[in-house]
1. When you go through 143, 137, 147, 183 one by one, which is the residue that is within 20 Å of residue 213 (Cα to Cα), touching a residue at least 40 places away in the same chain (Cβ under 8 Å), buried (at least 17 other Cβ atoms within 10 Å of the Cβ) and not charged (D, E, K, R)?
2. Could you check how many residues of segment 50-68 are within 14 Å of the chain's Cα centre (by Cα) and outside any strand (DSSP E or B)?
3. Of 220, 212, which residue is closer than 17 Å to residue 247 by Cα, without any contact (Cβ under 8 Å) to a residue 12 or more places away in the chain, surrounded by 13 or more Cβ atoms within 10 Å (Cβ to Cβ) and of a type in the set (A, V, I, L, M)?
4. Which residue is surrounded by the most Cβ atoms within 10 Å (Cβ to Cβ), if the candidates are limited to segment 152-170 and must be in contact with a strand residue (DSSP E or B) (Cβ under 7 Å, 6 or more places away or on another chain) and of a type in the set (A, V, I, L, M)?
5. Find all pairs meeting these conditions: Cβ atoms under 9 angstrom apart; at least six residues apart or on different chains; first residue within segment 23-43 and touching a residue at least 60 places away in the same chain (Cβ under 8 Å) and small (Gly, Ala, Ser); second residue assigned to a helix (DSSP H, G or I) and surrounded by 13 or more Cβ atoms within 10 Å (Cβ to Cβ).
6. Out of the residues in segment 98-128 meeting the condition of being in contact with a Ser or Thr (Cβ under 9 Å, 6 or more places away or on another chain) and among the aliphatic types (A, V, I, L, M), tell me which one is nearest to residue 57 (Cα to Cα).
Amino acid sequence: MQEYCKQNKIAWEYDAYDFWVKTLGQPEDCAKQYMDNPKAMLKRYADYFECFEGVKVANVCGSCGKKAIPLALLGADVTVFDISEENKRYALETADAAGARIGFVTCDVLEIDLSKYEGCFDVAFMEGGILHYFHDIDQFMKIMSAILKQGGKMICSDFHPFTKIMDALDLETPEMSYFSKEIFEGEMAHARFYEDGIRARIPKCSYRKYTISEIINSMIDNGFILKRFDEHPSWENEKLPGEFTAIAIKN
């Protein structure tokens, strides 16, 4: 595992299980929400799936299972790939309480075991802002292509690159030149929810933010055909772009 991935793993295992309990509730309580209306829990992403039953989904950096469990309840065969054992614990306990079966592989996504997972999935699905955790987007897209079947779909939803120059999502992240290729240390996603004393002790993550052209060209260069690119407004200010979703097919 590369050093920056080890650094990110330490950050994402810091108090993560307790954080999910505090924000989402005990696993059995969280499970009830998923069971009540799993499709609604997928939010806009439900529209990017033609169907769910029997579809093999790789939920990349799937965190605590917030999207994997609803997908499984709808009939998908879901495997989460995520770097955090704390996330795995919460996800599996919640899935069990919901009566959903998910796989969960704790690993660096760039080191997914291709002897086991190459050409395995119908869909590679990621959301919630993950690309900035990887310093080499081409390496990331190469792995996504490798785990998909021929004709498989990548649903890549992430923070809009506009957030490089303006903190449009109010995530308290540093602003920089849109074209910056800088690798920098920053707070992990949950840090801003802690009181200052604890926040200062939370390990930092190592980030690299990308432009729209870097993201799209990396998809193309790694064997994907881009079928759709949707931009979504910021949840803080609907006049500003906050997220995007790219739909690409493995050629």
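What follows is calculated from the coordinates using simple rules that are stated; it is not laboratory data. Keep in mind that this is a model prediction, so the values were computed, not measured. All Cβ positions, glycine included, derive from the backbone under ideal geometry; neighbour counts span all protein chains shown.
1. Details: 143 fails: touching a residue at least 40 places away in the same chain (Cβ under 8 Å); 147 fails: within 20 Å of residue 213 (Cα to Cα); 183 fails: buried (at least 17 other Cβ atoms within 10 Å of the Cβ).
Result: 137 is the single residue among 143, 137, 147, 183 that is within 20 Å of residue 213 (Cα to Cα), touching a residue at least 40 places away in the same chain (Cβ under 8 Å), buried (at least 17 other Cβ atoms within 10 Å of the Cβ) and not charged (D, E, K, R).
2. The first filter runs over segment 50-68 and keeps only residues within 14 Å of the chain's Cα centre (by Cα), leaving 57-68.
Narrowing the set further to residues that are outside any strand (DSSP E or B) leaves 61-68.
Total satisfying the criteria: 8.
3. Values: 212 fails: without any contact (Cβ under 8 Å) to a residue 12 or more places away in the chain.
Of the residues listed, the single one that is closer than 17 Å to residue 247 by Cα, without any contact (Cβ under 8 Å) to a residue 12 or more places away in the chain, surrounded by 13 or more Cβ atoms within 10 Å (Cβ to Cβ) and of a type in the set (A, V, I, L, M) is 220.
4. Across segment 152-170, the extreme among qualifying residues is 154.
5. 31/69; 31/93; 31/94; 31/95; 31/96; 31/97; 31/98
6. Selected residue: 124.
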